[in-house]
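The values are calculated or read from the model by the stated rules, or taken from the named source; none is laboratory data. From a predicted model like this one, the values you see are computed outputs, not experimental measurements. As a convention, Cβ positions derive from the backbone with ideal geometry for all residues, glycine included, and neighbour counts pool all protein chains shown. Ligands, DNA and RNA are excluded from the accessible area calculation, which covers all protein heavy atoms including side chains. Shrake-Rupley method; radii C 1.70, N 1.55, O 1.52, S 1.80 Å.
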Amino acid sequence: TEKGSSAIVRQVRGQLNRLALPNLESVCRLFLEQLYRQNARSDVTDALVECLMHEFEEINQSLNLKSFALVRAALVAVLAGMEGVEVGSAVLEALVHRFAKARENADTKVAIAAVHLLANLYNLNVIH
């Protein structure tokens, strides 16, 4: 349902907002033990992709891109390892489209952030 999906999006957005290296484990645990267990896997994955792509709209100069990309790639790597490659492939597909859109629009900061995230996904063996 749309109401259920919006609730999942809110939960995912909340977890991404608190995502940092020190609490990466607790955020991953919440995704695995609550979100993926209590909802359809595709709904959670779709919400994750939507929220990750939305974060690119809010990138600013004060953001530490290396940390931003690393913790999000680590989350995706854990989820892809535990829930299946569909998680990684959904994020990768959306990320490549977002990168292409940023290049078309000459949005350098979003393109650079996308490349950082892609590189970290590669380094964490989400993409080969």
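Residues checked against (1) surrounded by 12 or more Cβ atoms within 10 Å (Cβ to Cβ); (2) aliphatic (A, V, I, L, M); (3) more than 13 Å from the chain's Cα centre (by Cα); (4) at pLDDT below 95:
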{"site": "THR1", "(1), (2), (3), (4)": "no, no, yes, yes"}
{"site": "GLU33", "(1), (2), (3), (4)": "no, no, yes, yes"}
{"site": "THR45", "(1), (2), (3), (4)": "yes, no, no, no"}
{"site": "VAL49", "(1), (2), (3), (4)": "yes, yes, no, no"}
{"site": "PHE56", "(1), (2), (3), (4)": "yes, no, no, yes"}
{"site": "LEU63", "(1), (2), (3), (4)": "yes, yes, yes, yes"}
{"site": "VAL76", "(1), (2), (3), (4)": "yes, yes, no, no"}
{"site": "GLU83", "(1), (2), (3), (4)": "yes, no, yes, yes"}
{"site": "VAL87", "(1), (2), (3), (4)": "yes, yes, no, no"}
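Could you tell me how many of the residues in segment 3-12 are buried (at least 16 other Cβ atoms within 10 Å of the Cβ) and under 24 Å from ILE59 (Cβ atoms)? Full working, then the answer.
First, the residues of segment 3-12 that are buried (at least 16 other Cβ atoms within 10 Å of the Cβ): 5, 8-9, 11-12.
From what is left, the residues that are under 24 Å from ILE59 (Cβ atoms) are 8-9, 11-12.
Going through segment 3-12 one residue at a time, the tally reaches 4.
So how many residues does segment 19-31 have that are farther than 16 Å from VAL76 by Cβ and open to solvent by 80 Å² or more (accessible area, probe 1.4 Å)?
1
Does ALA111 count as assigned to a helix (DSSP H, G or I), under 22 Å from ILE127 (Cα atoms) and open to solvent by less than 50 Å² (accessible area, probe 1.4 Å)? It would help to see each step written out before you state the result.
Numbers: assigned to a helix (DSSP H, G or I): yes; under 22 Å from ILE127 (Cα atoms): yes; open to solvent by less than 50 Å² (accessible area, probe 1.4 Å): yes.
Yes; evaluated as a whole, the condition is true for this residue.
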